Amino acid sequence: MRSHEEVDIFEVPEGSTPVYRSVLIDDLGEIVQGALLDTLTLTVVQEYTFEIVNGRDSQNVLNVNDVGVDNNGNLEWVLTVDDTVVLNNALRKEMHRALFTWTFDSGEKSGNKEVIIMITNRMSL
């Protein structure tokens, strides 16, 4: 695995609306400018059941659906309470996996970024 493809870990409380920030990087370690993107999608699943969270199943998020990317490659995702929901109240912390995938250069190049979202279950406190 190349160093620029490290998985981010993002810890949040259940029912919160935090902001996740990252930078889109290509295979050469260069920043991918938002204006160069052809596509940007987001899939979020609960780790243990692979249940889709908040309908985010290869959802278009290219400057829509609470996600934006600027011309410096800065990605910002404003999570909603539906993104930080706990699906199994028996768990004190629930892990969700988010995967951003993108294409650029007229679809000739692609990349991805994985984020582990650790959600603290407030109901179990």
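The values are calculated or read from the model by the stated rules, or taken from the named source; none is laboratory data. Quick caveat, the model's predicted, so the values are computed rather than measured. FYI the Cβ positions are ideal-geometry reconstructions off the backbone, even for glycines, and counts take in every protein chain you see.
Assorted remarks:
- Where strands (runs of 3 or more DSSP E) sit wholly within segment 1-79, those with at least 3 residues that are surrounded by 12 or more Cβ atoms within 10 Å (Cβ to Cβ) and in contact with a Phe, Trp or Tyr (Cβ under 7 Å, 6 or more places away or on another chain) occupy 37-46.
- Subset of segment 100-125 [of a type outside the set (Ser, Thr, Tyr), buried (at least 16 other Cβ atoms within 10 Å of the Cβ) and in contact with a Lys or Arg (Cβ under 8 Å, 6 or more places away or on another chain)]: PHE100, VAL115, ILE117, ILE119, ASN121
- Residue within segment 85-96 that is buried (at least 18 other Cβ atoms within 10 Å of the Cβ), assigned to a strand (DSSP E or B), touching a strand residue (DSSP E or B) at 6+ places or on another chain (Cβ under 8 Å) and modelled with pLDDT of 95 or more present: yes
- Of all the listed residues (ARG92, ARG97), the sole one being among the basic types (Lys, Arg) and under 17 Å from ASP8 (Cβ atoms) is ARG97.
- Residue match in segment 97-105 (condition: part of a loop (DSSP other than H, G, I, E, B) and at pLDDT below 95): yes
- Boolean, LEU125 is out of contact with any helix residue (DSSP H, G or I) (no Cβ under 6 Å at 6 or more places or on another chain) and at pLDDT 95 or above: no
- Qualifying residue in segment 35-52 (condition: over 19 Å from GLY68 (Cα atoms), at pLDDT 95 or above and touching a Ser or Thr at 6+ places or on another chain (Cβ under 9 Å)): yes
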